[in-house]
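In what follows, a structure is listed as structure tokens, so that the remarks can point back to it.
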């Protein structure tokens, strides 16, 4: 065998061993940390990405369910910014920054309503988010400081990590009393799943 | 070296031609159905549809795979001639060198865009990357240093660097698999 062929085979073999070793050793830590229900009530947890069109599509239905069930069901929205969405992470931080001034829900709504203007872009949409903050009447200086706050970013990324551990691989993903909801997240489908959990 | 170059051009050119054709067909399907809603997944392959909608997918004002169809057709033809034992004049080799150099630079720009700007992988694009590199490498070796011994070692290391980039860029997805 030529020197070239031998060295090529050695490199391929080493890489194969390293990959196999890595896969074997990183197994068995699949502890599912699915969000559990709290105190007899039904809990709905949604992992979403603000830049995802199907999350925007699901949003009005979720709002409607929230108003219809009121106290009987707790709705918890968590961030799962998908890395290929350039501005999803900053958008999530922006929602939390608005939350610090008491307008988290309003910012969620505005982000989805205007998604087609800022979503799918490959440049930073920071200035668009600051404009949203102005429209909501937030303290813009404080909002901009919060956008750069590493603690808020950590919170967003921690939610994503937690979602990943619970088995989220795409958005939107719903958990009803800790059980992953499968199927298209339409208003009707979610409603019947919640009704089932309530009864 | 001459035998290797002949086969790399013939086989690589044909595979590249096939991948470019599939990409062109998909692009036409996408143009016919612009309301296609992409799934939002951390799987970089599932967001493939989004790659074709980007500005980088038509740098020169028309879909990139059209360049691939033209270029790979020439590469395949020359490869087949070489396999058949035809010897090509020097100026054809110079022309081929210019073409494959442009191709390999363009492909690396696309790799960078795919990994770090678009954040998605499209399988047929990866096939094009995978054949363009050896086509460039073996054409260049034949033209410059036909006696170079460790030709496939360099090719493997080249692939490993790109695989490392893919691993790093989509680490969040890969780590969810294991």
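The values are calculated or read from the model by the stated rules, or taken from the named source; none is laboratory data. On a predicted model such as this, the values are computed, not experimentally measured, just so you know. So basically every Cβ, Gly included, is an ideal-geometry build from the backbone, and we count neighbours across all protein chains shown.
Within segment B:141-156, being crowded, with 17+ Cβ neighbours inside 10 Å and farther than 11 Å from residue A:11 by Cβ holds for B:141, B:142, B:151.
Among the residues of segment A:162-181, count how many are buried (at least 16 other Cβ atoms within 10 Å of the Cβ), within 12 Å of another protein chain (Cβ to nearest Cβ) and in a helix (DSSP H, G or I). Residues in segment A:162-181 being buried (at least 16 other Cβ atoms within 10 Å of the Cβ), within 12 Å of another protein chain (Cβ to nearest Cβ) and in a helix (DSSP H, G or I): 2 in total. Can you name the helices (runs of 4 or more DSSP H) wholly within segment B:107-178 that have at least 1 residues being at pLDDT below 90 and within 13 Å of another protein chain (Cβ to nearest Cβ)? Because the criterion is at least 1 residues that are at pLDDT below 90 and within 13 Å of another protein chain (Cβ to nearest Cβ), the helices (runs of 4 or more DSSP H) in segment B:107-178 that meet it are B:151-169, B:171-177.
At pLDDT 80 or above and within 12 Å of chain B (Cβ to nearest Cβ), is that true of residue A:30? Taking the combined requirement at face value, the residue does not satisfy it. Counting only helices (runs of 4 or more DSSP H) that fall entirely inside segment A:70-148 and contain at least 3 residues that are buried (at least 20 other Cβ atoms within 10 Å of the Cβ), the qualifying elements are A:88-99, A:104-113, A:126-135.
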